[in-house]
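Just so you know, all these numbers are worked out from the coordinates, no wet-lab data involved. The structure presented is a predicted model; accordingly, all values stated were derived computationally and were not measured. Cβ placement follows ideal geometry from the backbone for every residue including glycine, while neighbour counts extend to all protein chains displayed.
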Amino acid sequence: MRKKTMIRLLFLLGLVFLILAGCKGKSVAEENILERSKQNNTITWGVKYDTRLFGMMDIKSSTVQGFDIDIAKAITQEILGKDGKAEFVEVTSKTRIPLLKNGNIDAIIATMTITDERKKQVDFSDVYFDAGQSLLVKKGSPIKSVDELNAETTVLAVKGSTSAVNIREHAPDAKILELENYAEAFTALQSGQGDAMTTDNAILLGMADENPDYTLAGGTFTNEPYGIAINKGQTEFLDAVNQALKELIANGTYDQIYQKWFPDTTQGKVN
Ligand code: GLU
């Protein structure tokens, strides 16, 4: 009798264990993102919603538009086929790595520079755009280059960006004010909270283009090669993204997308 009870108890315990194991969702590290994307016919991309030319929410059509968006869509179709779906989730420079690590997004394509520091946390694809850090000022500003930023000047930067880190090196005396995102940083520049704003030239050009009272000051003072970030351990997915990028460059799709967003220049193009 006691033996039977023991066996029943063990059986029940086993059952509870199996149910609990079944309930626990797979962690990002355990899941094969490429397999899952194929099953769902979807890749979820983390993109900017406030960065003209790269990833900008268009209120009228409720769609996000830009170079990063079109590259993401083209990579999705290369990997999943013509009917493959690219879904977009908003990230900022500060939230993009945490959102990737939590599994909210499968990849980041959001004006993100490949750096050794970031490589400790995520893997990067090959370079798909070459930018460089610069300054944006109001036309007529006495600031003509990064060397003119001194203890009397305030520079606006965005949290979580390489720009916020680099500017401390290139203008060690300047005051730095860090904002949450690029929309806020530009509003701060317009309202006179800073004398200059700093980030990549391509992002600043997008702002200057739309706001003719503002202009870039000096050239670039860093190299900012953009890569697509993917969680570590997702080698198959990373290989598929790199393969897709190569194909887009070889078949002219990359050129077409580049031309659409940057018709008057060849700056930043990687082929
Ligand atoms: N490319 C720089 C970075 O990855 C600045 C642009 C951004 O904040 O996304 O930090």
Checklist entry - For segment 74-81, what does the Karplus curve 6.51 cos²θ - 1.76 cosθ + 1.60, with θ = phi - 60°, yield as ³J(HN,Hα) per residue in whole Hz, taken in order and with x for Gly and Pro? => result 5, 5, 4, 5, 4, 7, 9, x
Checklist entry - If you project the alpha carbons of the chain onto their three principal axes, what span does each projection cover, largest first, in Å? => result 93, 45, 37
Next on the checklist: Counting only other residues whose beta carbon sits under 13 Å from that of Gly46, what net charge do I get with K and R as +1, D and E as -1?
Outcome noted: 0
Next on the checklist: Of the candidates Gly132, Gly140, Gly233, which one comes out as most mobile in a Gaussian network treatment of the chain with C-alpha springs shorter than 10 Å?
Outcome noted: Gly140
Checklist outcome for this item: Going through Lys48/Lys119; Lys73/Lys119; Lys119/Lys260; Lys38/Lys101; Lys119/Lys269 one by one, the pairs whose alpha carbons sit over 26 Å apart turn out to be Lys119/Lys260
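Which FRET efficiency value, to the nearest 0.05, do you get for Gln190 and Glu117 by plugging their Cβ-Cβ distance into 1/(1 + (r/R0)^6) with R0 = 41 Å?
Numbers: r = 31 Å, r/R0 = 0.76.
The computed FRET efficiency comes out at 0.85.
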Checklist entry - What does the helix-only formula give at 222 nm for the chain: each DSSP H stretch with n ≥ 4 adding -39500 (n - 2.57), the total divided by the residues, and the result rounded to the nearest 500 deg cm²/dmol? => result -12000 deg cm²/dmol
Checklist entry - In terms of modelled amide H atoms, which long-range or inter-chain residues lie less than 5 Å from the amide H of Glu87? => result Ile43, Thr44, Trp45
Checklist entry - In bins 5 Å wide, starting from 0, what share of all Cα pairs of segment 184-243 does each bin hold, as a percent? => result 3, 14, 20, 16, 10, 10, 10, 10, 6, 1
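Relative contact order, percent, of the chain when contacts are C-alpha pairs under 8 Å separated by at least 6 residues? Let's see the in-between values first.
On the way: 473 pairs, mean separation 66.7, N = 271.
Averaging sequence separation for qualifying contacts and normalising by length gives 25 percent for the chain.
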Next on the checklist: Going Cα to Cα from Lys94, which aspartates and glutamates come in below 12 Å? Please leave out same-chain ones fewer than 8 positions away.
Outcome noted: Glu178, Glu180
Next on the checklist: Given a 10 angstrom Cα cut-off, can you work out which residue in Ser61, Ser145, Ser134 is the most mobile in a GNM of the chain?
Outcome noted: Ser61
Checklist entry - P(r) for segment 39-96: what percent of alpha-carbon pairs falls in each 10 Å bin, starting at zero? => result 26, 50, 24, 1
Checklist entry - Tell me, what HN-Hα J-couplings in whole Hz come from the Karplus equation 6.51 cos²θ - 1.76 cosθ + 1.60 at θ = phi - 60° for each residue of segment 128-137, using x for Gly and Pro? => result 10, 7, 10, 10, x, 6, 8, 10, 10, 9
